[in-house]
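Report on the structure given below.
The values are calculated or read from the model by the stated rules, or taken from the named source; none is laboratory data. Everything numeric in this text was worked out from a predicted model, so none of it was measured. Note that we place each Cβ from the backbone using ideal geometry, even for glycine, and neighbour counts take in every protein chain shown. Accessible surface is based on the protein model in full, side chains and every heavy atom, while ligands, DNA and RNA are left aside. Shrake-Rupley method; radii C 1.70, N 1.55, O 1.52, S 1.80 Å.
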Amino acid sequence: MEKFDCTGVILAGGCNRRLPGIKKTFHKVGSKTIMERIIRVFSKIFPQVILVVNDPKDFLGLDALVVTDINPSRCSLAGLHAGLFYADYDWSYVTACDLPFLSEKVIRYLLAQRDLDKQIIIPQTRGGLEMLSALYHKSCLPRIETNLEKQEFMIKKILKSEKSIQIPPRVLESLDQNMRFAFNVNTLQDLKTARKLLLTQGAPKEDKYDGQKYLPTHNFAVTRESPLPECVS
């Protein structure tokens, strides 16, 4: 399928506080790690994939350009800044590293909404705006840099209504009925839920998880951000 003149950016600079052990993006959901699942989708859509990390040595061997933050704040906004700065293309689709069910349909729909007068195209689920599943234009960089200098770390604070497009839930649900694209893994329970979802909602045969025991599903956790300079993952 067609690739777009857009960069795929994965923010993977987190501290793993709620899921200790290996970095959560390296946990398996099905036969692949969460990171492998993200890169597999990105490779179908984007000619360039960037990983923004704290420890580059942990990400050797992945088919992506690995970079680190330029600003020392160690927050999601600093990761977004680095991703946009290093991107070869004006537009970047930015995701957190803990979303195992990216939707190619949703991403392609967002890309089709790009407009010369807009800077951000963002999904809005029933739970709110998905700041780490959104499209950003390089022209956001000056505003991001200003907010980093002022230590205003919430990504939402760079939003300008006249410069953004918000995709409503009814549209997203027509593309991804269960809104799994916004499900993220923060805890062991989330990881078990992700594995259960893969088994119960039509995963391809080769993607079935190998022999794990699962707990019943619970309500979806969706990507959110903290007003503090908190780690991405």
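Out of (1) among the hydrophobic types (A, V, I, L, M, F, W, C); (2) farther than 23 Å from D5 by Cβ; (3) open to solvent by 40 Å² or more (accessible area, probe 1.4 Å), the odd one out for C97 is which?
Going through the list (1) among the hydrophobic types (A, V, I, L, M, F, W, C); (2) farther than 23 Å from D5 by Cβ; (3) open to solvent by 40 Å² or more (accessible area, probe 1.4 Å), C97 breaks only (3).
Look at D63 and say whether it is open to solvent by 40 Å² or more (accessible area, probe 1.4 Å), of a type in the set (D, E, K, R), more than 14 Å from the chain's Cα centre (by Cα) and at pLDDT below 95.
Criteria met by D63.
Across segment 6-64, what is the number of residues that are β-branched (V, I, T) and part of a helix (DSSP H, G or I)? Reasoning before the result, please.
Narrowing segment 6-64 to residues β-branched (V, I, T): 7, 9-10, 22, 25, 29, 33-34, 38-39, 41, 45, 49-50, 52-53.
In the following step, the residues that additionally are part of a helix (DSSP H, G or I) were identified as 25, 34, 38-39, 41, 45.
Here the count works out to 6.
Among the residues that make up segment 199-206, is at least one of them at pLDDT below 95, part of a helix (DSSP H, G or I) and either in contact with a Phe, Trp or Tyr (Cβ under 6 Å, 6 or more places away or on another chain) or of a type in the set (V, I, T) (or both)? Break it down into steps so the answer makes sense when it comes.
In the first step, residues of segment 199-206 are kept if they are at pLDDT below 95; the result is 199-206.
Narrowing further to those that are part of a helix (DSSP H, G or I): 199-200, 205-206.
With either in contact with a Phe, Trp or Tyr (Cβ under 6 Å, 6 or more places away or on another chain) or of a type in the set (V, I, T) (or both) added as a condition, the list becomes 200.
For segment 199-206, residues at pLDDT below 95, part of a helix (DSSP H, G or I) and either in contact with a Phe, Trp or Tyr (Cβ under 6 Å, 6 or more places away or on another chain) or of a type in the set (V, I, T) (or both): present.
Within the bounds of segment 150-166, is there any residue that is assigned to a helix (DSSP H, G or I), of a type in the set (S, T, Y) and either open to solvent by 30 Å² or more (accessible area, probe 1.4 Å) or touching a residue at least 60 places away in the same chain (Cβ under 8 Å) (or both)? Reasoning before the result, please.
Taking segment 150-166 as the starting set, the residues that turn out to be assigned to a helix (DSSP H, G or I) are 155-158, 161-163.
Those still in the list that are of a type in the set (S, T, Y) too: 161.
So of that shortlist, the ones also either open to solvent by 30 Å² or more (accessible area, probe 1.4 Å) or touching a residue at least 60 places away in the same chain (Cβ under 8 Å) (or both) come out as 161.
Within segment 150-166 (the criterion being assigned to a helix (DSSP H, G or I), of a type in the set (S, T, Y) and either open to solvent by 30 Å² or more (accessible area, probe 1.4 Å) or touching a residue at least 60 places away in the same chain (Cβ under 8 Å) (or both)), the answer is yes, since at least one residue qualifies.
Scan S133, S76, S92, S174 and give me the residue that is over 28 Å from P20 (Cα atoms), of a type in the set (S, T, Y) and within 13 Å of the chain's Cα centre (by Cα).
Of the residues listed, the single one that is over 28 Å from P20 (Cα atoms), of a type in the set (S, T, Y) and within 13 Å of the chain's Cα centre (by Cα) is S92.
Quick test for you: out of G79, G8, pick the one residue that is in contact with a Phe, Trp or Tyr (Cβ under 8 Å, 6 or more places away or on another chain), at pLDDT 95 or above and open to solvent by less than 60 Å² (accessible area, probe 1.4 Å).
G8
Take the residues in segment 120-148 that are in a loop (DSSP other than H, G, I, E, B) and open to solvent by 20 Å² or more (accessible area, probe 1.4 Å); name whichever of them is nearest to P72 (Cα to Cα).
Going residue by residue through segment 120-148, those that are in a loop (DSSP other than H, G, I, E, B) are 126-127, 130-132.
Filter once more, so that each one left must be open to solvent by 20 Å² or more (accessible area, probe 1.4 Å): 126-127.
Numbers: R126: 33, G127: 30 Å.
By that ranking, first place goes to G127.
What's the total number of residues in segment 99-115 that are within 15 Å of the chain's Cα centre (by Cα), not in a helix (DSSP H, G or I) and not aromatic (F, W, Y)?
Counting residues in segment 99-115 that are within 15 Å of the chain's Cα centre (by Cα), not in a helix (DSSP H, G or I) and not aromatic (F, W, Y) gives 4.
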